[in-house]
Amino acid sequence: MMEVMLFIKKLLRSRLNVMPLLILLLSIATILFLNYKSIDYFSLKNTLIEENVKFDKDIVEINSLIDGQDETNEQINSIDQENLINAKDLKEKNKKILNALEQKNYQEAYTMMANKISNTSSIVEGNSKFYGSSYQEIMEALKRDEKFYNYLSAHKLKADNIQPVFGATFMFSIWNEYMPFLFTFLIIFILSQIFASAFHDKLMIYRLIPDNYFKRFIRNTAIGSLISSTIFFLTLIFAYILASLFFDKGSFNYPILIYSEKLAASWIAMSRLISNALILQLVSIITVISTIYLIAMVFKDKMLTMFVALIVILGSMSLSYILVPLQKVAHLIPYNYMQSVAVVTGQINNQIEISHLNFNSGILSNIFCILIIVAVIFIIEFKRSSKLSNFKGVKDKSL
């Protein structure tokens, strides 16, 4: 317990360590505000209103075409009449959905929305040649949206915005989209300062204290993991409470889009993803902390440790999206699993189509990396201890 308190004192002693924490919390508050500002633009209500404006224009144009056409051309007249009926029908359906939303009868609105999408799918399916190469993609999107609204209706949930503002969904989006890079940067910044502070003029201060280097590594990594995990959880709790206070608590049964190994999309309750994502996140945090510790041992300098750690950890995470050679081995890079939510949902595989990141590969990759780091630290410490012992032996003989 004393060592944990000492670690926390080191963390809070410097304003440089506190500033990233404040910036992280401020960033979350800013993201929530920006999401709030986009509510009207991305909402289902606004989408339906814009559709009806478009349908009004279509109806006017089609009526003009019908009035200006030769009555003897029955085929063209028939197509125009059918388009006119479809436009009026969709406009009327939108009005009914808007009315249900106004009355806060969300389940009815979502059921009607799912039926509307189903009808649209039938129309698209009947005109597959018209859509050409885009047909399959359009059909998949329509089926995905239909399942989404059916899920909301069946589970009696209120839809959040595309840019979420409800407690549960906002917290989950922060974890998925922002925490992998913001949090990783934060712990690299803080732990580089703390781990490298063990060296003074390239000499390890702990050598003055009789202590086993392996135990010291385990102790520092464990304390670093504990502190980092606590910061991680408190940040997510902060996001949840902040969104819940200003908007709605949301639900942990909210549907989240996942992709299978064959990239087939489906919806699943958020609560079913959290446990695996948390386990993978915690194991990944241990790997990152072990890496920072190793880099600090090698370079023995705060700024240099932070610079190298940023390149190795954040660099590999970022470049896995860009460089094809790295994409092929993305599942072998343990730092990619800091994006634990994107891994368990299959989103990262959807973005990097030639990668094979999943929960099992993440656990194995991280464990293997930790074992390698432990072995490297053992070799480094053994050689340094041997040199120190030889130096003391020569000094004693000279005396």
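The values are calculated or read from the model by the stated rules, or taken from the named source; none is laboratory data. Note that the structure is predicted; figures quoted are calculated from it, not measured. No Cβ is skipped: glycine too gets one built from the backbone with ideal geometry, and neighbour counts run over all protein chains shown. Surface accessibility is based on the protein's heavy atoms, side chains included, excluding ligands, DNA and RNA. Shrake-Rupley method; radii C 1.70, N 1.55, O 1.52, S 1.80 Å.
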Condition set of a type in the set (Ser, Thr, Tyr) and surrounded by 14 or more Cβ atoms within 10 Å (Cβ to Cβ), scope the range 220-232, selection nearest to Gln281 (Cα to Cα): answer is Ser229
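Quick check: anything in the range 310-324 aliphatic (A, V, I, L, M), over 16 Å from the mean Cα position of the chain (by Cα), open to solvent by less than 50 Å² (accessible area, probe 1.4 Å) and under 25 Å from Val374 (Cα atoms)? Talk me through it step by step, then tell me what you get.
Our first condition is that a residue be aliphatic (A, V, I, L, M); within the range 310-324, this holds for 310-314, 317, 319, 322-324.
Retained after the next criterion (residues that are over 16 Å from the mean Cα position of the chain (by Cα)): 310-313, 319, 322-324.
Remaining after also requiring open to solvent by less than 50 Å² (accessible area, probe 1.4 Å): 310, 313.
This time we only want the ones that are under 25 Å from Val374 (Cα atoms), so: 310, 313.
Looking for residues that are aliphatic (A, V, I, L, M), over 16 Å from the mean Cα position of the chain (by Cα), open to solvent by less than 50 Å² (accessible area, probe 1.4 Å) and under 25 Å from Val374 (Cα atoms), one finds at least one in the range 310-324, hence yes.
Conditions tested, residue by residue: (1) at pLDDT 90 or above; (2) out of contact with any Gly (no Cβ under 8 Å at 6 or more places or on another chain).
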site	(1), (2)
Val312	yes, yes
Tyr321	no, yes
Lys328	no, yes
Tyr335	yes, yes
Ser340	yes, no
Val344	yes, yes
Asn349	no, yes
Inside the range 145-163, the number of residues satisfying the requirement of being under 24 Å from the mean Cα position of the chain (by Cα) and under 28 Å from Phe33 (Cα atoms) is 12
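Inside the range 294-306, can you point out the residues that are open to solvent by less than 50 Å² (accessible area, probe 1.4 Å) and either part of a loop (DSSP other than H, G, I, E, B) or under 11 Å from Ile380 (Cβ atoms) (or both)?
Taking the range 294-306 first, the residues open to solvent by less than 50 Å² (accessible area, probe 1.4 Å) are 294-297, 305-306.
Answer for the range 294-306, where residues must be open to solvent by less than 50 Å² (accessible area, probe 1.4 Å) and either part of a loop (DSSP other than H, G, I, E, B) or under 11 Å from Ile380 (Cβ atoms) (or both): Leu294, Met297.
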Among Ile379, Ile367, Ile363, the single one that is at pLDDT 75 or above, of a type outside the set (Lys, Arg) and open to solvent by less than 70 Å² (accessible area, probe 1.4 Å) is Ile363
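This table checks each residue for (1) free of Cβ contacts under 8 Å to residues at least 12 places away in the same chain; (2) open to solvent by 30 Å² or more (accessible area, probe 1.4 Å); (3) basic (Lys, Arg).
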| site | (1), (2), (3) |
| --- | --- |
| Leu234 | yes, yes, no |
| Ala239 | no, no, no |
| Phe246 | no, yes, no |
| Lys249 | no, yes, yes |
| Asn253 | no, yes, no |
| Leu257 | no, yes, no |
| Leu263 | no, yes, no |
| Ser266 | no, yes, no |
| Leu273 | no, no, no |
Here the residues within the range 332-356 that are surrounded by fewer than 24 Cβ atoms within 10 Å (Cβ to Cβ), within 18 Å of Val288 (Cα to Cα) and not hydrophobic (A, V, I, L, M, F, W, C) are Tyr335
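Let's see how each residue does on (1) touching a helix residue (DSSP H, G or I) at 6+ places or on another chain (Cβ under 9 Å); (2) open to solvent by less than 20 Å² (accessible area, probe 1.4 Å); (3) assigned to a loop (DSSP other than H, G, I, E, B); (4) aromatic (Phe, Trp, Tyr):
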{"residue": "Met139", "(1), (2), (3), (4)": "yes, yes, no, no"}
{"residue": "Phe148", "(1), (2), (3), (4)": "yes, no, no, yes"}
{"residue": "Tyr151", "(1), (2), (3), (4)": "yes, no, no, yes"}
{"residue": "Ala159", "(1), (2), (3), (4)": "yes, no, yes, no"}
{"residue": "Gln163", "(1), (2), (3), (4)": "yes, no, yes, no"}
{"residue": "Tyr178", "(1), (2), (3), (4)": "yes, no, no, yes"}
{"residue": "Leu182", "(1), (2), (3), (4)": "yes, no, no, no"}
| request: Scan the range 326-333 and give yes if some residue there is touching a helix residue (DSSP H, G or I) at 6+ places or on another chain (Cβ under 6 Å) and closer than 17 Å to Leu278 by Cβ, otherwise no. | output: no
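Taking the range 43-65, which residues are open to solvent by less than 80 Å² (accessible area, probe 1.4 Å) and either more than 30 Å from Pro164 (Cα to Cα) or of a type in the set (Gly, Ala, Ser) (or both)?
Within the range 43-65, Ser43, Asp56, Asp58, Ile59, Ile62, Asn63, Ser64 meet the criteria.
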Turns out the helices (runs of 4 or more DSSP H) fully within the range 8-104 with at least 3 residues that are modelled with pLDDT under 90 and over 30 Å from Ile188 (Cα atoms) are 39-42, 44-68, 74-102
Tell me yes or no: at least one residue of the range 257-276 is under 22 Å from Ile370 (Cα atoms), outside any strand (DSSP E or B) and modelled with pLDDT of 90 or more.
yes
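How many of the residues in the range 125-157 are of a type in the set (A, V, I, L, M, F, W, C) and under 21 Å from Ile97 (Cα atoms)? Walk me through how you get there before you give the answer.
Looking only at the range 125-157, we keep the residues that are of a type in the set (A, V, I, L, M, F, W, C), and these are 130, 138-139, 141-142, 148, 152, 154, 157.
Pick out the ones that are also under 21 Å from Ile97 (Cα atoms) and you get 141-142, 148, 152, 154, 157.
Matching residues across the range 125-157 total 6.
Looking for whichever is open to solvent by 70 Å² or more (accessible area, probe 1.4 Å), over 22 Å from Lys147 (Cα atoms) and touching a helix residue (DSSP H, G or I) at 6+ places or on another chain (Cβ under 8 Å) here; the options are Gln81, Gln103. Which one fits?
Gln81
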